[in-house]
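Sharing a structure with you now.
The values are calculated or read from the model by the stated rules, or taken from the named source; none is laboratory data. Just so it is clear, the model here is predicted, and its values are computed rather than measured. We place every Cβ from the backbone using ideal geometry, glycine too, and count neighbours over all the protein chains shown.
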Amino acid sequence: MGEKWTTASIPGQRGRVAVVTGANTGLGYETAKALAERGASVVLAVRDVAKGERAAARMTGDVTVQALDLTSLDSVRTAAAALRSRFHRIDLLINNAGVMYTPEQRTRDGFEMQFGTNHLGHFALTGLLLDLMLPVPGSRVVTVSSTGHRIRAGIHFDDLQWERSYSRIGAYGQSKLANLMFTYELQRRLATHGTTVAVAAHPGMSSTELTRNTPAALRLPITWLAPLITQTPAMGALPTLRAATDPAVLGGQYYGPGGRYEVKGHPRLVTSSPASYEVAVQQRLWAVSEDLTGVTFPELQPISAGSAVARCSMPSRR
C-alpha cells in the first residue's frame with residue numbers, strides 16, 4: 001500500500017460491527033465516517049444523543065447512535081447492555097472519546113475527570129463488551145492515547161484522583177499513559193486467545209474541540225504555531241483507522257503520525273515512552289481499575305511478566 005496510508009487503504013468492512021466512542025465530532029466523527037463508508041455497521045457511542053443523531057445524518061452507510069456517558073459507570077453499564085441486546089458480535093471497539101486539560105472536576109463516581117473518562121470509562125466498557133469480541137476472528141480493541149502520555153506523566157497510585165494537588169496537564173498525562181498501559185496489558189491477556197487483539201493509536205496535533213481547555217499560557221504559542229504543527233481531524237483519525245483495519249497490524253502495536261516529532265503526517269508504527277512498558281505498573285493499574293470500576297475480565301487470565309507469551313506479545317521499542 002506504499003508509504004502513505006490513507007482512507008483508500010482501508011479494506012472493505014462490510015459485515016463488520018464497529019463501536020466508536022465520542023463519534024459525534026472531531027477524530028471520532030472522522031473515524032466512524034470512514035468505517036461506515038467502507039461498509040461497516042457503525043455505532044456512534046456518544047454522551048449527547050441529539051448531536052450524535054446530527055452526526056449520523058451527515059454520514060453515508062449503516063450508522064446508529066447509542067447513548068454513552070463515560071463519566072458515569074451506570075451509563076457505561078446501560079450502554080453495554082443496550083449494545084449486547086442489539087448485536088451478537090462486535091468486530092471493532094474504538095475507545096476514542098476523551099477530555100483534555102479540564103479544570104479540576106469529578107465524574108459522577110467521584111473519579112478525577114480525565115482519569116475517570118479517558119481510562120476508567122473505557123476500561124469498564126471494554127470489559128463489559130469483550131465477550132462479544134473474543135469469538136470474532138480479526139476483532140480489535142483500539143484505544144486512542146496521545147503524545148501527552150510523555151509529559152509529566154506517571155501512574156500516581158498514592159493519589160490517582162489528584163486530591164492533594166491538581167495539575168490539569170499532569171492528570172491528562174496520567175490518563176493517556178493509562179490508555180497505553182491498559183492496551184499493553186490487555187494484549188498480554190488476549191495473546192492466548194488468538195482472535196481479538198488490542199492496539200493503540202494517537203492523532204498527533206489535530207485541530208479539534210479537545211484543545212478548548214488548553215491552559216492560557218500555552219494557548220497563544222499554540223495558536224501561532226498551529227499552521228505548522230497541527231493537522232485536520234481527518235488526518236488525525238488515520239492512525240486510529242490504520243490500527244483498526246490494516247491487516248498487517250499486530251496486537252500491542254502503537255500507531256501515530258509519521259512526520260517529525262509525530263505531530264502530523266500519514267500513520268506509521270511508533271513507540272511509546274519507556275514508562276509505558278513497565279509490566280509491573282501495567283498489572284497494578286489493571287487490578288486497581290478493576291477495583292475502582294467493579295468490572296472484571298473473567299475470560300482473561302493474567303499472564304506472568306516473565307512468560308514467553310508476555311515477551312512475544314509486547315511491541316518492540318523501535
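State which residue pairs qualify: first residue over 17 Å from Gly204 (Cβ atoms) and inside region 248-277, second residue buried (at least 18 other Cβ atoms within 10 Å of the Cβ) and polar (S, T, N, Q) in any location, beta carbons under 7 Å apart, and separation of 6 or more residues or different chains.
Sorted first by the residue in region 248-277, then by its partner, the pairs are Gly251/Gln187; Gly251/Ser313; Gly252/Gln187; Gly252/Ser313.
Sticking with this structure for a sec: In the set Arg16, Arg86, Arg54, Arg58, which member is basic (Lys, Arg) and in contact with a Leu (Cβ under 8 Å, 6 or more places away or on another chain)?
Details: Arg86 fails: in contact with a Leu (Cβ under 8 Å, 6 or more places away or on another chain); Arg54 fails: in contact with a Leu (Cβ under 8 Å, 6 or more places away or on another chain); Arg58 fails: in contact with a Leu (Cβ under 8 Å, 6 or more places away or on another chain).
Result of the check over Arg16, Arg86, Arg54, Arg58: Arg16.
Checking Glu3 against (1) of a type outside the set (A, V, I, L, M); (2) at positive phi; (3) at pLDDT below 95: exactly one of these is not met. Which one?
Just one mismatch for Glu3, condition (2).
Taking region 26-48 as the region of interest, how many residues are on the phi > 0 side of the Ramachandran plot and either touching a residue at least 40 places away in the same chain (Cβ under 8 Å) or in a helix (DSSP H, G or I) (or both)?
Residues that pass the stated criteria total 1.
Now a separate question. Could you list, in sequence order, the residues of region 254-279 that are surrounded by 24 or more Cβ atoms within 10 Å (Cβ to Cβ) and of a type outside the set (Gly, Ala, Ser)?
Selection gives Tyr255, Pro257, Pro267.
Can you find even one residue in region 79-91 that is surrounded by 22 or more Cβ atoms within 10 Å (Cβ to Cβ) and acidic (Asp, Glu)?
Within region 79-91, one or more residues are surrounded by 22 or more Cβ atoms within 10 Å (Cβ to Cβ) and acidic (Asp, Glu).
Here is a further query. Can you tell me which residue among Leu238, Leu228 is within 17 Å of the chain's Cα centre (by Cα) and either under 12 Å from Ile10 (Cβ atoms) or at pLDDT below 95 (or both)?
On the way: Leu228 fails: within 17 Å of the chain's Cα centre (by Cα).
Only one candidate qualifies: Leu238.
What is the residue count in region 49-79 for residues that are of a type outside the set (A, V, I, L, M, F, W, C), closer than 16 Å to Gly121 by Cα and not in a helix (DSSP H, G or I)?
Summing the residues that are of a type outside the set (A, V, I, L, M, F, W, C), closer than 16 Å to Gly121 by Cα and not in a helix (DSSP H, G or I) in region 49-79 gives 4.
Here is a check on your reading of the model: is Val309 among the aliphatic types (A, V, I, L, M), surrounded by 13 or more Cβ atoms within 10 Å (Cβ to Cβ), at pLDDT 90 or above and more than 19 Å from the chain's Cα centre (by Cα)?
Details: among the aliphatic types (A, V, I, L, M): yes; surrounded by 13 or more Cβ atoms within 10 Å (Cβ to Cβ): yes; at pLDDT 90 or above: no; more than 19 Å from the chain's Cα centre (by Cα): yes.
So Val309 fails the test.
Of the residues that make up region 154-166, is at least one out of contact with any Asp or Glu (no Cβ under 9 Å at 6 or more places or on another chain), free of Cβ contacts under 8 Å to residues at least 60 places away in the same chain, buried (at least 17 other Cβ atoms within 10 Å of the Cβ) and outside any helix (DSSP H, G or I)?
Checking region 154-166: not a single residue is out of contact with any Asp or Glu (no Cβ under 9 Å at 6 or more places or on another chain), free of Cβ contacts under 8 Å to residues at least 60 places away in the same chain, buried (at least 17 other Cβ atoms within 10 Å of the Cβ) and outside any helix (DSSP H, G or I).
Continuing with this model, one more query. Taking region 129-145, which residues are among the charged types (D, E, K, R) and in contact with a strand residue (DSSP E or B) (Cβ under 9 Å, 6 or more places away or on another chain)?
If the condition is that a residue be among the charged types (D, E, K, R) and in contact with a strand residue (DSSP E or B) (Cβ under 9 Å, 6 or more places away or on another chain), then Arg140 is the only one that fits.
Where the second residue is of a type outside the set (Phe, Trp, Tyr) and part of a helix (DSSP H, G or I) and the first is under 10 Å from Arg47 (Cα atoms) and modelled with pLDDT of 95 or more and lies in region 68-87, which pairs have Cβ atoms under 6 Å and are six or more apart or on separate chains?
Cβ pairs passing all conditions: Leu68/Ala79; Asp69/Ser75; Leu70/Thr117; Leu70/Gly121; Thr71/Thr117.
Just wondering, is there one or more residues in region 118-132 that are over 17 Å from Val288 (Cβ atoms), among the hydroxyl-bearing types (Ser, Thr, Tyr) and surrounded by fewer than 24 Cβ atoms within 10 Å (Cβ to Cβ)?
Looking for residues that are over 17 Å from Val288 (Cβ atoms), among the hydroxyl-bearing types (Ser, Thr, Tyr) and surrounded by fewer than 24 Cβ atoms within 10 Å (Cβ to Cβ), one finds none in region 118-132, hence no.
Counting only residues that are small (Gly, Ala, Ser) and surrounded by 24 or more Cβ atoms within 10 Å (Cβ to Cβ), how many does region 35-55 have?
The total comes to 3.
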